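> Sending over a structure as structure tokens; questions will come in a sec.
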Amino acid sequence: MKIIERPSPNFNERVGVSGPDILIMHYTGMQSCEAAVTRLTDPASRVSSHYTVDEDGTVYRHVDEAMRGWHAGVSHWRGASDINSRSLGIEIVNPGHEFGYRAFPDVQIAAVLALGQAIVARHAIPARNVIGHSDIAPGRKTDPGELFPWKHLALAGLGLWVEAKGAQDASLMRPDTGARVGELQRLLVRYGYGLEVTGVYDEPTEIVVGAFQRHFRPARFDGVADAETLAILRALNATLDAVA
Ligand SMILES: [Zn+2]
């Protein structure tokens, strides 16, 4: 894979880890690739990613994989909060929800797949840790969004995907309370999401369920935990049991 060097000064040493074990997918959310690359390499912006993938499949490198890029912000995954120290970030060019969210071209996704597979192999990143910015910062971020082809990538070997239909469970939503809400929250936390287990279907729960759906059941991401959402969440957690 040909990679164009566009180095960014926005990085530092990783803290407390020997290397990255999380891969974060973003969209740029800007009007052009050049605008995004300019921002990611501008010392004044204080942001970066390790790579940017343009819509035509061109890959730019900004930060060495050994170093800590500045792409995650305030975020949580599997009990960790300094996600920048533990992760690699790929920015995928798309105007995003603010400037005209649109499908990711096949040639772009093919480049993301090749780059992501090489990264995952180099650092032995587990499939469950190939996630989106919205998974680690559900209240702040919606990227890479519901059009990002997680299923396609997972079937090609990058990330985790399950199909499951729940026929019987009643939906959970605000302002439900009780043991089933607690179980839902526990499963979300166990899978990796940052959420408090309260037994109350509060606003944070609705936001995290929406983020989960954007990734794993993008047909509807309304924050209501319907039977299919619950079934997919259980099936994903069962894959953890299988490898534990
Ligand atoms: Zn992002």
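The values are calculated or read from the model by the stated rules, or taken from the named source; none is laboratory data. Since we're looking at a predicted model, the values are computed, not measured. For neighbour counting, all protein chains shown are included, and Cβ atoms are generated from backbone atoms with ideal geometry for every residue, glycine included. When the accessible area is computed, the model is the full protein with side chains, heavy atoms only, and any ligands, DNA or RNA have been set aside. Shrake-Rupley method; radii C 1.70, N 1.55, O 1.52, S 1.80 Å.
> Among the listed residues 72, 66, which satisfies the condition of being within 16 Å of the ligand (Cβ to nearest atom) and in a loop (DSSP other than H, G, I, E, B)?
Working: 66 fails: within 16 Å of the ligand (Cβ to nearest atom).
None of the other options fit; the residue is 72.
> What do you reckon, is residue 121 within 15 Å of the chain's Cα centre (by Cα), more than 12 Å from the ligand (Cβ to nearest atom) and without any contact (Cβ under 8 Å) to a residue 40 or more places away in the chain?
no
> Would you mind telling me which numbered condition in (1) over 21 Å from residue 206 (Cα atoms); (2) open to solvent by 10 Å² or more (accessible area, probe 1.4 Å); (3) without any contact (Cβ under 8 Å) to a residue 60 or more places away in the chain residue 108 fails?
For residue 108, the failing item is (2).
> Anything in the stretch 1-59 that is among the small types (Gly, Ala, Ser), part of a loop (DSSP other than H, G, I, E, B) and over 14 Å from residue 111 (Cβ atoms)? List them, or say none. Talk me through it step by step, then tell me what you get.
We begin by selecting, within the stretch 1-59, every residue among the small types (Gly, Ala, Ser); these are 8, 16, 18-19, 29, 32, 35-36, 44-45, 48-49, 57.
Among the residues that remain, those that are also part of a loop (DSSP other than H, G, I, E, B) are: 8, 16, 18-19, 29, 32, 44-45, 48-49, 57.
Result: 8, 16, 18, 19, 29, 32, 44, 45, 48, 49.
> In the stretch 135-179, how many are among the aliphatic types (A, V, I, L, M) and surrounded by fewer than 16 Cβ atoms within 10 Å (Cβ to Cβ)?
Let us first name the residues in the stretch 135-179 that are among the aliphatic types (A, V, I, L, M), namely 136-137, 147, 153-156, 158, 160, 162, 164, 167, 170, 172-173, 179.
If we keep only those that are surrounded by fewer than 16 Cβ atoms within 10 Å (Cβ to Cβ) too, we end up with 147, 155-156, 167, 170, 179.
Residues that pass the stated criteria total 6.
> Going through the stretch 183-192 one residue at a time, which ones are over 15 Å from residue 229 (Cα atoms) and open to solvent by less than 30 Å² (accessible area, probe 1.4 Å)?
The one that is over 15 Å from residue 229 (Cα atoms) and open to solvent by less than 30 Å² (accessible area, probe 1.4 Å): 192.
> Could you list, ordered by first residue, the pairs with Cβ atoms under 6 Å in which the first is in the stretch 68-95 and closer than 22 Å to residue 36 by Cα and open to solvent by 20 Å² or more (accessible area, probe 1.4 Å) and the second is of a type in the set (S, T, N, Q) and more than 15 Å from the ligand (Cβ to nearest atom), at least 6 apart or interchain?
68/12; 68/85
> On the given criteria, is residue 228 surrounded by fewer than 21 Cβ atoms within 10 Å (Cβ to Cβ), in contact with a Lys or Arg (Cβ under 8 Å, 6 or more places away or on another chain), charged (D, E, K, R) and farther than 29 Å from residue 30 by Cβ?
yes
> On to the next question. Do you know which residues across the stretch 173-213 are hydroxyl-bearing (Ser, Thr, Tyr) and under 20 Å from the mean Cα position of the chain (by Cα)? Working first, answer last.
Looking only at the stretch 173-213, we keep the residues that are hydroxyl-bearing (Ser, Thr, Tyr), and these are 177, 191, 193, 198, 201, 205.
Hits for the stretch 173-213 are 191, 193, 205.
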